[in-house]
Amino acid sequence: MDILVCARKVPDTAENEIELNRAGNDIERDDLVYSVNEPDNYAVEAALQITEKIGGSVTVVTVGGEEDDDVPRREMAMGAHHGVLLADECFQGSDGRGIATILKAYVRRNHFDLILTGVQGEDGAAQVGGMLAAMLDYPFASLVNSIEVVDGGKLRIGREIEGGSREMNEIDLPCVLSIQTGINEPRYVGMRGIRQVASIPIPALDASDLGLDTALVGAAAARVVRIDYFVPPAGDGARMLTGRRPEIAGQLLEIVAGKGGLN
Amino acid sequence: MSRVFCFIQHAEGKPDDSAAELLAAAAKINPVELPTAVVTGWGKDLDIVCEGLCACYREVWKITAEALVYPNAELVRKALAGVLPHGSILLVPHNHFGIDLSPGLSIKLDAAYVPDVVEIERSEEMALRLVRQEFGGQISAHVLCDISSGAVLNLRPGAFHPHAQAAAMGRVREWPVSLERPRRRYLSTVPAEAGDIDITKYKVLVSVGRGIQEKDNLALAEDLAEALGGAVSCSRPVVDAKWLDKSRQVGSSGKTVRPKVYLACGISGSFQHLAGIKGNPLIVAINKNPKAPIFRVAQIGIVDDLLEMLPVTAHVRQKRGVAAH
Amino acid sequence: MQYPSPAAATYWLIQGRTLFATLYILGTLCFCWIVAKRLQPLLRAQRDPRFDRPLERLRNVLQYWLLQWRHPRYPLAGTLHLLIFAGFLILAVRAFAMLILGVSATFVPPGGPAYDILRAYAATAVFAAVTVAALRRLIAKPARYQAPAPLGKGRSADAIFLLGLIAILMLADGVIESSLAAAQNRSLPLVSLAWLLRQAFASRPPSALHNLYLGGYLLHALTFFFLLCYRPFGIQFHVETSLFSIYFAKLDRELLKPVRWGIPAENLDRVKSFGVKTFEDFTWKHMLDFYSCADCGRCSDQCPANAVGRALSPRFLTTKARDYSFRHYPVVGSAGNGTPLVGNLYSEGEIWSCTTCGACERECPLLVEYIDKIVDLRRGLVDDGRVPQALQKPLKALEVRGNPYGKLERKRADWANGDVSVLAGGGTHADTLYFVDSITSYDDRIQAIGRATASILSEAGVHFGILGAAERDSGHDVRRFGEETLFFALRDNNTQAIRSTGVRRIVTSDPHAYNALKHDYSEVPPVEHMSQVIAREVRTGRIRFEPLANRSAIYTYHDPCYLGRHNRIFDDPRYVLDSIPGLKRVEMSRCRDRSFCCGGGGLALFHEVKEDERMGVRRVRMAAEAGANVMVTACPFCMVNMEDAIKVAGMEGKMAVIDLMELAAQQMVRQAVSPALERGVN
């Protein structure tokens, strides 16, 4: 099975403090550390587990700038067979639809049985997978937390739904799935693995390589634009308890009892 | 102004809580005209829901097909794409179904798509000024959405507060559709495992997040929960790390709880987690990071290491409990 | 009466000489064949240079093989084994001499009356010892011999069988002696085995004695060769291999095995596969270790991971590997193909459970090595990406931020509140570098140890500084968790930063950093642990202590693994404590090199392990049992683990823990010193 995984890098929220910059129009990016979006790693691991079982290849594609070739390379260190970068200045400022358009152009030039994305990135949008599927006219499922290959060009998948229940579906190939974290345990990629792929060339394709109409991508084509970042005013906010720990504990218990919580 | 539609989810003849929220949001987009409800399904339950919606909407579009008895996003998307006029604004709740439905639907409608909207600040003929959050709720962003070709907006559950409605005299408009066999087919629903206790039954919940740091520290939460007569629940990372059973998870993909008191210990306060807390309980946040988003949502805040604070609180409670006798 | 010769006698129509010659030749050939088969995997193994420094190696042989130095650590079993071993040595000459009797009618066994007495009692002692040992196995059943089902197979039956065979050997020898002495009317040493048997034979006619003699001889020869050929099939192989195992034992215990011997770090990119994944990836010496293990269980008995119910039992690590090698390299048949070890022979949990405390290695009488094997197995797992999810985050953070917490590099010196000079980049100069390492730099609680250390150094008049944001994690536990490449990166980074400051010595309050700088790093100035520094300053009188205010506290010192057992610094910390007036100190029964690991440091703090109880909880209970209510430790990881353990065990208010630095800083008599002298000189 030939699988495509769409991956990108994001500022790692665990290792960074996300703050507004001094100018107030963006987050402070100076000390930021980027790593591959966590759900994307789960998607690559899911793809690798499938090909390890039934054969095939895993290709990892990233939409970004020239410096983003470390993403497909890192996933190749994990075990992906091919890595590709879709980069062009005119891609800058694309919204979700623009990204999906770029990916669609790549998919149309190749053959893939299955396309995976991570459920969402740091912006919490969770949109590119669904958009790509609609553009390709492939069936789609989001929040996938189990995949089973069934004969005859089908998959049996589980989706995470309300209350922690799992919705079982059957989906025809080719299709697009967005993968939820926790579906598997992604394998570790150490420095040595990264070193071993450091000199593998990652092909970079631009708009003309993809036969892409530049009017459909980039800032000009974006219908949804982020204007700024801000920290909402605290409003009432929480009443903060201070003092020595036993005093705080005492106050807390009184408040809790007052709310009818202790009996 | 384009026509505003609200996608109403329903079960067993009753509309979902989100319906009232969508209505409130629609009013912000078009204060002048009532929106239209759009509902899919099949059978008696659907009929009842649509009748009820007539009280709030100018029109209720009832899309029926036998295949739609279970809300399969693939089928619903197809049905809506066939029915909605070009340029409409569709409001959908940003939940498991909305995430599944809307991105693809926006492409089929050639409309803009904005997910997880928490506020609608300004509404103009060609654009909407919206608010979203990023980085797990750590920061907010203003977003401008071009609605000249219509839009699909997924709204964060709980972000828009329902308000009193003027009575409407809407009528139901039937849209029977025929749908071919979908390429994604619903098989069954596997319910979440029961687990040892049912956290939805407790009035006090001591809820732990990443800040608990290791499985063994759960004992501290257990002690306090016992001292307070409550139970231990958690956020998603604790379940992912396999320290607690999924049945203890509070959140949009976990349980919805309605306690009187909710102690959020070492929980940053992502909306998926908060979405599981209903009924406006007293939320107390204990977190080492004074900038954690949870402090905006909690009524009482304590900036401290929960590993220190929990045992002290349990200790003080025990002393008081003894003294009271 | 003519001295009967087995060679000349006739055994069921076969002449003795022929019978025994055949037995000896067949037996020896069989033994050689078996040994050759046993050596086969060693020929396929990785190289391991152990042929240097012969004098040191011979010294080890003298100390550990001949003098059985480690054995008395378990008194009863140790004594039994000493008796058996000494007996074997004494009887060895005799045994070989006896064999010759079977083929030469004229041979006279060497030895005089003194030797005769000696060997008679030796045989008796051996007989008694193996009997007691067998009864111990059968009745007393010491815990460390047990084999709980998931861990491995038990070998008590095998052990008892072998003990029985040795007993038979001694009996046969006794029968020979006693029947001969009875026939020749000689006396035998009193109350020896032979003497006892002779009492039984006293009234037998000469022909019966003759038959007893010949029969005993045959039994002896058969048992001898049976044992010889049977030993390589089980734990008794250690009889032959122990000499070599001890000769080739690791001399520099604190130097971890490199990824491949003979391949320098720069060339490691060419190595296809890191670590041990299949059996043949072990070195020949490791394989020899598997053969030499006597399954005594002392390693597992001391192993803290085993004690708290983790999947690890060092003993079974070895015996499972031995069984594997016997299966895949059978004496009869051809060698099988290598299969991956982890997942088949070992579980991942087993390999990740180890804290590298070294208790197993310290205990093993055969000097079997464990840490290198575990690290090598981990290298293999890391190479294949099989790292537990809980460890992936701190490893990533170490790669990106140089500390496992993911905190910003520029905040690394925040603990010092600006009171300590930063030596990076040629600004301030000082003689001494205080290497702080990650936990002391970033952990809210442990930063207090850093501040205490800085104040002690200032008070002692030491001109020192820190690396500040230029410092990275020492990488000590990164290496021991198998991430060798990341370790090199951290090490090279730190080495460059340290050398650029021009300091002449390094001090640290962190035993893991100490161990790394001393043994894992090679191009840095000499390093001392703060306990050594303080001890020296106390001896010279530079540092003095006020008497303790609270006289009711009872202190006990917990030896951190990487300060005590690994680096043998036991006395300096105790000296410092004993120099504090009014401090009452008790020792836990498990102290010094038998200290019980707190749970591990570095990455071990992030690791979630399946266990019955925390190691730290065990340890704080040991402190309470010893009668203490304050534990003193000299390692930040021990501090974290003990403080956690006190909470989890519900012992708050009953047990406290303090670091040696904190205690020393607290009690130190302070001179009024001008602030300028307290900082590094510019």
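Output the helices (runs of 4 or more DSSP H) that fall wholly within the range C:465-524 and possess 3 or more residues being among the small types (Gly, Ala, Ser) and over 27 Å from the mean Cα position of the chain (by Cα), or say none. Talk me through it step by step, then tell me what you get.
On the way: elements: C:476-480, C:484-501, C:511-515.
The qualifying helices (runs of 4 or more DSSP H) are C:484-501.
What residue, among those in the range C:372-391 that are under 16 Å from C:Leu603 (Cα atoms) and of a type in the set (A, V, I, L, M), is farthest from the other protein chains (Cβ to nearest Cβ)?
Here is the first cut: in the range C:372-391, the ones under 16 Å from C:Leu603 (Cα atoms) are C:374-375, C:378-379, C:381-382, C:386-391.
Checking which are of a type in the set (A, V, I, L, M) leaves us with C:374-375, C:381-382, C:387, C:390-391.
Values: C:Ile374: 17, C:Val375: 14, C:Leu381: 9, C:Val382: 6, C:Val387: 4, C:Ala390: 7, C:Leu391: 8 Å.
Ranking the candidates gives C:Ile374 first.
Give the residues of the range C:121-132 that are surrounded by fewer than 23 Cβ atoms within 10 Å (Cβ to Cβ) and of a type outside the set (Phe, Trp, Tyr), sorted by residue number. Walk me through how you get there before you give the answer.
Our first condition is that a residue be surrounded by fewer than 23 Cβ atoms within 10 Å (Cβ to Cβ); within the range C:121-132, this holds for C:121, C:124-125, C:128, C:131-132.
Answer for the range C:121-132, where residues must be surrounded by fewer than 23 Cβ atoms within 10 Å (Cβ to Cβ) and of a type outside the set (Phe, Trp, Tyr): C:Thr124, C:Ala125, C:Ala128, C:Thr131, C:Val132.
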_Of the conditions (1) under 30 Å from B:Ala292 (Cβ atoms); (2) part of a helix (DSSP H, G or I), A:Gln196 satisfies every one except a single condition; which number is it?_
(1)
*Quick one: how many residues across the range A:217-249 are more than 7 Å from every other protein chain (Cβ to nearest Cβ) and crowded, with 17+ Cβ neighbours inside 10 Å?*
4
*Give the residue, chosen from B:Leu263, B:Leu306, that is in contact (Cβ under 8 Å) with a residue 12 or more places away in the chain, within 16 Å of A:Leu253 (Cα to Cα) and within 10 Å of another protein chain (Cβ to nearest Cβ).*
B:Leu263
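For the structure I just gave you, tell me whether C:Leu677 is at pLDDT 95 or above, farther than 27 Å from B:Asn217 by Cα and either in a helix (DSSP H, G or I) or of a type in the set (Val, Ile, Thr) (or both). Full working, then the answer.
Numbers: at pLDDT 95 or above: no; farther than 27 Å from B:Asn217 by Cα: yes; either in a helix (DSSP H, G or I) or of a type in the set (Val, Ile, Thr) (or both): yes.
Considered against the rule, which asks whether it is at pLDDT 95 or above, farther than 27 Å from B:Asn217 by Cα and either in a helix (DSSP H, G or I) or of a type in the set (Val, Ile, Thr) (or both), C:Leu677 comes out as no.
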*Could you identify the single residue in C:Ala623, C:Ala604 that is within 32 Å of the chain's Cα centre (by Cα), small (Gly, Ala, Ser) and at pLDDT below 95?*
C:Ala604
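Tally the residues that are in contact with a helix residue (DSSP H, G or I) (Cβ under 7 Å, 6 or more places away or on another chain) and in a loop (DSSP other than H, G, I, E, B), restricting the search to the range C:254-273. Spell out the reasoning first.
Looking only at the range C:254-273, we keep the residues that are in contact with a helix residue (DSSP H, G or I) (Cβ under 7 Å, 6 or more places away or on another chain), and these are C:254-257, C:259, C:265, C:269, C:273.
Imposing the further condition that a residue be in a loop (DSSP other than H, G, I, E, B) reduces the set to C:254-257, C:259, C:273.
Number of matching residues: 6.
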*Give me the pairs, please: first residue somewhere in the range C:187-214 and at negative phi, second residue anywhere and among the aromatic types (Phe, Trp, Tyr), beta-carbon distance under 6 Å, and either six or more positions apart or on two chains.*
C:Leu188/C:Trp195; C:Ser192/C:Tyr121; C:Leu193/C:Phe127
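So that you can scan it fast, the table gives a plain yes or no per residue for (1) out of contact with any strand residue (DSSP E or B) (no Cβ under 9 Å at 6 or more places or on another chain); (2) over 28 Å from C:Asn641 (Cβ atoms); (3) outside the structural domain of C:Ala656 (by TED's automatic domain parsing); (4) not polar (S, T, N, Q):
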| site | (1), (2), (3), (4) |
| --- | --- |
| C:Val503 | no, yes, yes, yes |
| C:Ser522 | yes, yes, yes, no |
| C:Pro526 | no, yes, yes, yes |
| C:Ala549 | yes, no, yes, yes |
| C:Asn567 | no, no, no, no |
| C:Ile580 | no, no, no, yes |
| C:Val586 | no, no, no, yes |
| C:Ser589 | yes, no, no, no |
_I'm checking my understanding of the structure. Among residues of the range B:94-130 that are over 19 Å from B:Met1 (Cα atoms) and over 22 Å from the mean Cα position of the chain (by Cα), which one is farthest from the other protein chains (Cβ to nearest Cβ)?_
B:Lys108
*Condition broken by C:Thr501, with the remaining ones in (1) in contact with a Phe, Trp or Tyr (Cβ under 8 Å, 6 or more places away or on another chain); (2) farther than 14 Å from C:Leu398 by Cα; (3) among the polar types (S, T, N, Q); (4) touching a residue at least 40 places away in the same chain (Cβ under 8 Å) satisfied*: (1)
*Output for the range C:245-280, where each listed residue is within 19 Å of the chain's Cα centre (by Cα) and among the acidic types (Asp, Glu)*: C:Asp252, C:Glu254
_Unmet criterion (only one of (1) crowded, with 24+ Cβ neighbours inside 10 Å; (2) farther than 24 Å from B:Asp146 by Cα) for B:Leu80_ = (2)
*Of the residues C:Arg315, C:Arg362, which single one is in a helix (DSSP H, G or I), under 16 Å from the mean Cα position of the chain (by Cα) and surrounded by fewer than 24 Cβ atoms within 10 Å (Cβ to Cβ)?*
C:Arg362
*Considering only the range A:1-87, give the strands (runs of 3 or more DSSP E) lying wholly within it that have at least 1 residues that are within 11 Å of chain C (Cβ to nearest Cβ), within 17 Å of the chain's Cα centre (by Cα) and under 21 Å from A:Glu122 (Cβ atoms).*
A:34-36
*Checklist (1) out of contact with any Ser or Thr (no Cβ under 8 Å at 6 or more places or on another chain); (2) at the interface with another protein chain (Cβ under 9 Å from one of its Cβ atoms); (3) within 16 Å of A:Thr117 (Cα to Cα); (4) in a strand (DSSP E or B) applied to A:Thr181, failing item*: (4)
*Restricting the search to the range B:155-172, which residues are surrounded by 14 or more Cβ atoms within 10 Å (Cβ to Cβ) and either assigned by TED's automatic domain parsing to the domain that holds B:Leu274 or closer than 27 Å to A:Pro232 by Cβ (or both)?*
B:Leu155, B:Arg156, B:Pro157, B:Gly158, B:Ala159, B:Phe160, B:Pro162
*Restricting attention to the range C:442-488, report how many residues are over 16 Å from C:Cys635 (Cα atoms), more than 14 Å from chain A (Cβ to nearest Cβ) and hydroxyl-bearing (Ser, Thr, Tyr).*
2
*Need at least 3 residues that are within 14 Å of chain A (Cβ to nearest Cβ) per element, so show me which strands (runs of 3 or more DSSP E) inside the range B:163-228 make the cut, counting only ones lying wholly within it.*
B:184-190, B:204-208
*Check A:Gly163, A:Gly152, A:Gly124, A:Gly130 and return the single one that is in a loop (DSSP other than H, G, I, E, B), of a type in the set (Gly, Ala, Ser) and over 14 Å from A:Arg8 (Cα atoms).*
A:Gly152
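For (1) part of a strand (DSSP E or B); (2) surrounded by 21 or more Cβ atoms within 10 Å (Cβ to Cβ); (3) in contact with a helix residue (DSSP H, G or I) (Cβ under 6 Å, 6 or more places away or on another chain), each residue gets a yes or a no:
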| residue | (1), (2), (3) |
| --- | --- |
| B:His273 | no, yes, no |
| B:Gly279 | no, no, no |
| B:Gly301 | yes, yes, yes |
| B:Met309 | no, yes, no |
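Residues checked against (1) out of contact with any helix residue (DSSP H, G or I) (no Cβ under 8 Å at 6 or more places or on another chain); (2) modelled with pLDDT under 90; (3) within 25 Å of B:Lys246 (Cβ to Cβ):
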| site | (1), (2), (3) |
| --- | --- |
| A:Ile147 | no, no, yes |
| A:Arg156 | yes, no, yes |
| A:Glu162 | no, yes, yes |
| A:Ser165 | yes, yes, yes |
| A:Met168 | yes, no, yes |
| A:Val176 | no, no, no |
| A:Asn184 | no, no, yes |
| A:Arg187 | no, no, yes |
| A:Ala198 | no, no, no |
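When only residues in the range C:392-427 that are among the hydrophobic types (A, V, I, L, M, F, W, C) and within 14 Å of chain A (Cβ to nearest Cβ) count, which is nearest to the chain's Cα centre (by Cα)? Walk me through it before giving the result.
Taking the range C:392-427 and keeping what is among the hydrophobic types (A, V, I, L, M, F, W, C), we get C:395, C:397-398, C:400, C:408, C:413, C:415-416, C:420, C:422-424.
Applying the additional criterion that residues be within 14 Å of chain A (Cβ to nearest Cβ) yields C:395, C:397-398, C:400, C:408.
On the way: C:Leu395: 28, C:Ala397: 32, C:Leu398: 29, C:Val400: 35, C:Leu408: 38 Å.
Among those that are among the hydrophobic types (A, V, I, L, M, F, W, C) and within 14 Å of chain A (Cβ to nearest Cβ), it is C:Leu395.
The values are calculated or read from the model by the stated rules, or taken from the named source; none is laboratory data. Note that the coordinates shown come from a computational prediction; the quantities given were computed from them, not determined experimentally. Note that we place each Cβ from the backbone using ideal geometry, even for glycine, and neighbour counts take in every protein chain shown.
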